[in-house]
Amino acid sequence: MNIVLFNNDLRISDHQPLSEAARAGEVLPVYVVDPSQWKDTPLSARHFQFVVESLNELSKGIEGKGGKLFLAIGEIEPVLAKLLDTYDSINLFTHNDSRLMDKVKKWAKQNQQLLFSYGPELENVHGKHFNNRLNSYLKEPMAEVPNRIDVPSKTPDFLFTDFKKLQNYRVKGTKIRFGQQGGEMKAIETLDSFLEGRFANYIENQQKPLPSSLSSSRLSAYITWGNIAVRTVYQKTDEKLQACELEEDKIQLAEFLSKLTARVKICSMKIQHQQLEEVREIKREWNEDWFQRWLQGRTGIPIIDAAMRSLDKTGWMNFSLRAMVTSFIANTLLMDEQKLSAAMAGLYLDYEPAVHDFYIRQQAGMKGKMKIIDPVKVGRQLDPDGTFIRRYIPELSKLPDEYIHEPWLYPAFYQLGYEAPIVDVKKAYKNARLQIQAIGNKGKPARKKEEGETEQLSFDI
Ligand SMILES: Cc1cc2nc3c(=O)[nH]c(=O)nc-3n(C[C@H](O)[C@H](O)[C@H](O)COP(=O)(O)OP(=O)(O)OC[C@H]3O[C@@H](n4cnc5c(N)ncnc54)[C@H](O)[C@@H]3O)c2cc1C
């Protein structure tokens, strides 16, 4: 029996495992809710909600081709064992970046069943070879959507098709109301609207909190959960780029494509960064109160709180805000980034372990550079008139512009009902700077950024 194991590839377009399995004969498309993926990781209820929305649409797409999507709840190995009991022999079709891949590979080997995996083979390929292989994969023709998907007449009883059963599956955290909705159609609409015009100010707006939410692609959650293939995004964007008449438009789309390929590179790297001993030494004892206030957007520092509240509400933030809130707690407050990393991952709808870990470690000095970002100065650059702050912090909605980034200076501060700052920002910033500078007497302040660049100090450690 040909079994397609869906995981983080919840679409039917450009889905090679599905097209190959359909070509081979009858197909059993299956999505397994594996508790080790949902309970022992940072994934939360908002991710599950997105996945269920995606599965709903996927199921309709498969039904439209005459097939059926089957669901199972349980660890993947016993699920596969039961499938093998039913069919005597099984061929497994999946993408090689499936989050269950390691377990599936091991099981298939132990049980001598065939596993066909698809996707770019980029692990342990470096330099020129990496770029060549990635480019040829991105330019390959997309996998055809099968015309028909034939379902076997016999299916085991433990598989189900009723989505209501998934509603009772409990995953930690809360759902969100204002986040992006999962599904292939939404992914395609999002890409289309980006290429139809939203991209025009991609570079200019990429750091700005509110404008970036419209002019960046907003494809990250769809890419993470595979509602759209990176190859599809690449090819459609490239097609648009070739057709652009204005040089300015080409520049925007080329920058977007470089971000997209950066993601593929990071996902294939599997780098382990060791935290430097010196960095570990300057970390504070864990302060649960600070951590909770940071997580809930109650630090009393407006740009940090607005960013964290927007993340909680929408599941998304742009790169600069992600870098800023990480740097603030890891480098300015000097708290252990490993604990806060998981909490943040639970909030990002686009949480992709390899990418998330890479940037958390990068921001927190694991790669030999530690960035300390001054949230007041950076806040002024990113949100000069406080529009973003006012949107997410109603307590500050009527505060005059001049105080919006430092409300504690406002004479009637205590009438605002907003938190007093968790720390004296300037002192904390200075303290962190001195501590990091002092590490092994090697930390040398790098150049201060030019005007217009993000206000931050980088230290080589
Ligand atoms: C601390 C931290 C954690 C992050 N965690 C994640 C994560 O879990 N998942 C994730 O997809 N991105 C992550 N990023 C990268 C980046 O912030 C998001 O990809 C981006 O904000 C998503 O918005 P967008 O889809 O509109 O991006 P666009 O700018 O429109 O980019 C298009 C696509 O390219 C990829 N991409 C964009 N920027 C980057 C980048 N700098 N590095 C690698 N890939 C990129 C994403 O898949 C994105 O959807 C993280 C950044 C930081 C600083």
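See the values below:
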read-out	value
Cross-chain or 6+ apart pairs with Cβ under 8 Å, the stretch 415-440 first and outside any helix (DSSP H, G or I), then surrounded by 17 or more Cβ atoms within 10 Å (Cβ to Cβ) and acidic (Asp, Glu)	Glu419/Asp305
Within the stretch 165-201, considering residues that are closer than 25 Å to Ala323 by Cβ and over 19 Å from the mean Cα position of the chain (by Cα), the one surrounded by the most Cβ atoms within 10 Å (Cβ to Cβ)	Phe199
Qualifying residues in the stretch 213-232 (those that are over 16 Å from the mean Cα position of the chain (by Cα) and under 25 Å from Ser320 (Cβ atoms)) - the one most open to solvent (accessible area, probe 1.4 Å)	Leu214
Where Asn135 falls short, out of the listed (1) within 26 Å of Thr232 (Cβ to Cβ); (2) of a type outside the set (Ser, Thr, Tyr); (3) surrounded by 14 or more Cβ atoms within 10 Å (Cβ to Cβ); (4) within 26 Å of the chain's Cα centre (by Cα)	(3)
Some residue of the stretch 277-294 being within 15 Å of the ligand (Cβ to nearest atom), modelled with pLDDT of 95 or more and touching a helix residue (DSSP H, G or I) at 6+ places or on another chain (Cβ under 7 Å)	yes
Qualifying residue in the stretch 168-186 (condition: modelled with pLDDT of 95 or more and within 14 Å of the ligand (Cβ to nearest atom))	yes
Criterion (more than 16 Å from the ligand (Cβ to nearest atom), open to solvent by 20 Å² or more (accessible area, probe 1.4 Å) and of a type in the set (A, V, I, L, M)) met by exactly one of Ala420, Ala432	Ala420
Identity of the residue in the stretch 192-230, more than 20 Å from Met308 (Cβ to Cβ) and among the hydroxyl-bearing types (Ser, Thr, Tyr), that ends up farthest from the ligand (Cβ to nearest atom)	Ser193
Wholly enclosed helices (runs of 4 or more DSSP H) of the stretch 310-403 bearing at least 2 residues within 13 Å of the ligand (Cβ to nearest atom)	319-327, 337-345, 353-363
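The values are calculated or read from the model by the stated rules, or taken from the named source; none is laboratory data. This one's a predicted model, so the numbers in the text were calculated from it and none came from an experiment. As a convention, Cβ positions derive from the backbone with ideal geometry for all residues, glycine included, and neighbour counts pool all protein chains shown. Protein only, heavy atoms only, side chains kept; ligands, DNA and RNA dropped before computing areas. Shrake-Rupley method; radii C 1.70, N 1.55, O 1.52, S 1.80 Å.
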